[in-house]
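To keep things clear, I will list the structure first and then write my remarks on it.
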Amino acid sequence: MTLLAEGVLRTYWDQTVPVNLAHIAKAMQITVALSELGSACARVELPPQRKPRIVIDRSQPLERQRYGVAHALGHLALHHLRPGGAHTIEVSDSYHCDVQLRIDSEANDFALRLLMPEQALRESLHDLQLGQLERLALLFQVAPILIKQRMADLDLDWPRTLAQQLRPEVTWD
């Protein structure tokens with residue numbers, strides 16, 4: 001998955017943050033549409049003899065829509081669907097997907113790598129100051145919990161000031 005997400009970024013990403021998912025989808029010849037999906041975040045479809053299609057729920061916040069598109073791109077890039085197949089993406093408020101399903105776990109990993117490229121995240125952390133987690137989430141246009149998850153995946157430490165904002169009396173010396 002690492003190589004696939006990095007390959008998509010290397011091929012289609014313009015090196016700007018937030019990652020332009022619409023540009024990537026268009027370059028991959030994937031249609032993205034808005035619709036009402038009820039409780040679902042997104043739906044990915046692979047119609048026979050037509051372009052793949054990602055449908056995102058119009059009532060979802062931007063961060064959730066972006067996650068849904070990145071997750072759906074993961075399903076397509078990882079060849080999880082057969083022609084004529086579709087997959088509905090359900091995401092909880094805490095951005096947990098059904099990790100019992102291998103394909104959802106893999107697509108989640110792909111989405112995090114796509115939304116927050118490692119080098120861009122590392123560079124952004126250098127400028128991070130006390131209380132700036134929300135600003136970092138705004139920069140990448142993702143939910144703060146996804147920043148935390150991606151940092152944990154990369155085994156990145158929080159800057160000391162962020163760790164101390166949770167409990168200022170704690171020292172790490």
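Considering (1) part of a loop (DSSP other than H, G, I, E, B); (2) at pLDDT 70 or above; (3) at negative phi, the lone condition that LEU136 does not fulfil carries the number (1). Residue count for the stretch 35-58 satisfying the condition of being surrounded by fewer than 20 Cβ atoms within 10 Å (Cβ to Cβ), more than 18 Å from the chain's Cα centre (by Cα) and under 27 Å from SER94 (Cβ atoms): 5.
Take ILE103 and tell me if it is closer than 20 Å to VAL19 by Cα, surrounded by 13 or more Cβ atoms within 10 Å (Cβ to Cβ) and of a type outside the set (Gly, Ala, Ser). So that I can check it myself, show each step before the final result.
Working: closer than 20 Å to VAL19 by Cα: no; surrounded by 13 or more Cβ atoms within 10 Å (Cβ to Cβ): yes; of a type outside the set (Gly, Ala, Ser): yes.
So ILE103 fails the test.
In the stretch 14-36, the residues that are touching a residue at least 24 places away in the same chain (Cβ under 8 Å) reach residues that are surrounded by 13 or more Cβ atoms within 10 Å (Cβ to Cβ) and small (Gly, Ala, Ser) with C-beta atoms within less than 7 angstrom, at least six apart or across chains, in these pairs: VAL17/ALA120; LEU21/ALA70; VAL32/ALA25.
Pick out the one residue from VAL69, VAL91 that is surrounded by 21 or more Cβ atoms within 10 Å (Cβ to Cβ) and not in a helix (DSSP H, G or I).
On the way: VAL69 fails: not in a helix (DSSP H, G or I).
Matching residue, one of VAL69, VAL91: VAL91.
Could you count how many residues in the stretch 10-24 are assigned to a helix (DSSP H, G or I) and either surrounded by fewer than 17 Cβ atoms within 10 Å (Cβ to Cβ) or of a type in the set (Asp, Glu) (or both)? Give the derivation first.
If we filter the stretch 10-24 for residues that are assigned to a helix (DSSP H, G or I), which is where we start, we get 10-12, 21-24.
Now restrict to residues that are either surrounded by fewer than 17 Cβ atoms within 10 Å (Cβ to Cβ) or of a type in the set (Asp, Glu) (or both): 10-11, 22-23.
So the answer is 4.
Given the structure, is GLY7 surrounded by fewer than 12 Cβ atoms within 10 Å (Cβ to Cβ) and within 26 Å of SER59 (Cβ to Cβ)? Criteria not met by GLY7.
For the stretch 24-34, give me each residue that is of a type outside the set (Gly, Ala, Ser) and under 16 Å from the mean Cα position of the chain (by Cα).
Let us first name the residues in the stretch 24-34 that are of a type outside the set (Gly, Ala, Ser), namely 24, 26, 28-32, 34.
Result: ILE24, VAL32.
For the stretch 30-56, a tally of residues being of a type outside the set (A, V, I, L, M, F, W, C), under 19 Å from ASP104 (Cα atoms) and modelled with pLDDT of 95 or more returns 4. Checked against (1) on the phi > 0 side of the Ramachandran plot; (2) among the acidic types (Asp, Glu); (3) at pLDDT 90 or above, ASP153 passes all but a single condition, namely (1). Of the set (1) in a loop (DSSP other than H, G, I, E, B); (2) touching a helix residue (DSSP H, G or I) at 6+ places or on another chain (Cβ under 8 Å), all apply to LEU114 but (1). Evaluated against (1) surrounded by fewer than 19 Cβ atoms within 10 Å (Cβ to Cβ); (2) among the small types (Gly, Ala, Ser); (3) modelled with pLDDT under 95, ALA27 falls short on exactly one condition, (3). VAL142 - would you say it is in a loop (DSSP other than H, G, I, E, B), modelled with pLDDT of 90 or more and within 18 Å of GLY74 (Cα to Cα)? When the stated conditions are applied, VAL142 passes them.
Of all residue pairs spaced 6 or more apart or on separate chains, those with beta-carbon atoms under 9 Å, a first member in the stretch 75-91 that is closer than 17 Å to ALA25 by Cβ and a second member that is of a type in the set (Asp, Glu) and assigned to a strand (DSSP E or B) are LEU81/GLU45; ALA86/GLU45; HIS87/GLU45.
Could you tell me whether GLN60 is under 27 Å from GLU134 (Cβ atoms) and either assigned to a loop (DSSP other than H, G, I, E, B) or aromatic (Phe, Trp, Tyr) (or both)? For GLN60, the condition - under 27 Å from GLU134 (Cβ atoms) and either assigned to a loop (DSSP other than H, G, I, E, B) or aromatic (Phe, Trp, Tyr) (or both) - is met.
The values are calculated or read from the model by the stated rules, or taken from the named source; none is laboratory data. Nothing here was measured: the structure is a model prediction, and the numbers come from that model. Glycine also receives a Cβ, built like all others from the backbone with ideal geometry; neighbour counts cover every protein chain displayed.
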